1. Name the long-range amide H neighbours of Ala44: under 5 Å, sequence gap of 5 or more, or other chain; modelled H, no Pro or chain starts.
2. Please work out the FRET efficiency for the pair Trp274 and Val239, using the Cβ-Cβ distance as r and a Förster radius of 41 Å; give the result to the nearest 0.05.
3. Which semi-axes, in whole Å and largest first, does the equivalent ellipsoid of region 10-93 have when worked out from the alpha carbon gyration tensor as the square roots of 5 times its eigenvalues?
4. Can you tell me the length gained on complete extension of the stretch Asp102 to Thr5, counting 0.36 nm per residue apart and subtracting the Cα distance?
5. Return the Rg/Rh value of the chain, two decimal places, where both radii are evaluated on C-alpha atoms and Rh is the Kirkwood radius.
6. Roughly how many Å is it from the Cα centre of region 143-177 to that of region 214-234, as a whole number?
7. Taking region 74-142 on its own, what percent of its Cα-Cα pair distances exceed 13 Å?
8. Given C-alpha coordinates of region 153-279, what is the ratio Rg to Rh with the Kirkwood estimate of Rh?
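Coordinate-derived values only; no laboratory data. The structure presented is a predicted model; accordingly, all values stated were derived computationally and were not measured. In this analysis, Cβ positions are derived from the backbone assuming ideal geometry, glycine residues included, and neighbour counts consider all displayed protein chains.
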Amino acid sequence: MSAPTLPDGLADRIAVLRGRGLRVSELAGGLTNRNYKVVTDEGAFVVRVSGRGTGALAIDRDHEYRNSVTAAESGVGAPVVEYLPEDCVLVIGFLEGRTFTDDDFARPGVIERVAASCRRLHGGGRFVNDFDMFEIQAGYLRHVLDRGFRLPADYLEFTGAVARIRGALAVRAEPTVACNNDLLAGNFIDDGSDIHLIDYEYSGNNDPCFELGNIASECHLDGAQLEQLVTAYYGRRLVNRIARARLQGLMSQYGWTLWASIQDATSEIEFAFWPWGLEKYERAVATFRGPGLDRLIEDVQRVD
C-alpha cells in the first residue's frame, strides 16, 4: 500500500509546505472534508481539504476561516497557518494531545474542564456570523423536501412542538456568544493542561446552551452529566439553564437528522449517514413523545 499524499500540486500552493520534505498521513474522521497531518522539519500541520458542495449544509468556508482565527486568539482553537479559498483548503497547526471519545466524559474532572474551555471560547471575540438551529433546521427541511431526499415518516409530526419550544426559549433569551456548535468528542483535544476545541465549520454566534446541549447529544452524556456540565459552566445549579440545554440538545438532534439526509443523498464520503441520523432522530422522538417535555418547556421560562 502506497503512503498517503496530498492532492496533486497542493503542497506547492501552500507556502509553509513548499519545497520541504513532507511526511503525510491521513487523519480519521471528517464527514465533509479530508484531513491530512503533514510533518516537516519545522513543525506539524493539519491540511483540511473541503468539498465544494457543502453550501446546502449551511457551511461557509470564509466564515470557518475567520472564526478559526478568532478561536485561536481566544486560546482554545488551533493556530491558523494558511487559507487557500480557491482550493477550499485550511492549514492549521497540529495540536499534540489526546483526542476524546465519549468515554472520556466519565473521567473525573473532565466535564468541568470542558465547561471551562467552552467559557473561554464563548468569552472571546465574537464570530462573523450567527448560528440558529431553528433557522438551520428550516433551511435543511426545505432542501430535503424540494429534492425528495429521505425523511423519517413522522418527521413533520413534531412541527408544533418545535414552535412551542422556540417560543419558550424566547421568553428568557440568552445573549449569543461565539460557539463552535459541533463539539462531538473528536473535536476535543486534551494536551494535559488545556482542552482545545477544533473544527469551526458550523461555528457562529449562538445561545451558549445550544453548545452545552449539543455536546451532551453528540457525546452521549446522560441526564446527570448534562446537569453537571451546565452547572460547571454557570458556576451554580440553574434549573432554567439545565432545561434550556436539554431543549437545545433536542433541537440539535432534530436538525442534524436532516443534515444526515442531505449527506446521505449527496456526499461522496463513505459513511453510513442515514443510520447516524436516525439514531439522533430516535432520541429526539423519545423526548418529543416522553412525559418530560411539558416540564422542560415550563422550567425554561422560570426565573432562577
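1. The answer is Phe94.
2. 0.65
3. 21, 16, 12
4. 31.9 nm
5. With Rh from the inverse mean 1/r over Cα pairs, Rg/Rh is 0.97.
6. Each part reduced to its Cα centre gives a spacing of 21 Å.
7. Looking at region 74-142, the distances longer than 13 Å represent 79 percent of pairs.
8. So for region 153-279, dividing Rg by the Kirkwood Rh gives 0.98.
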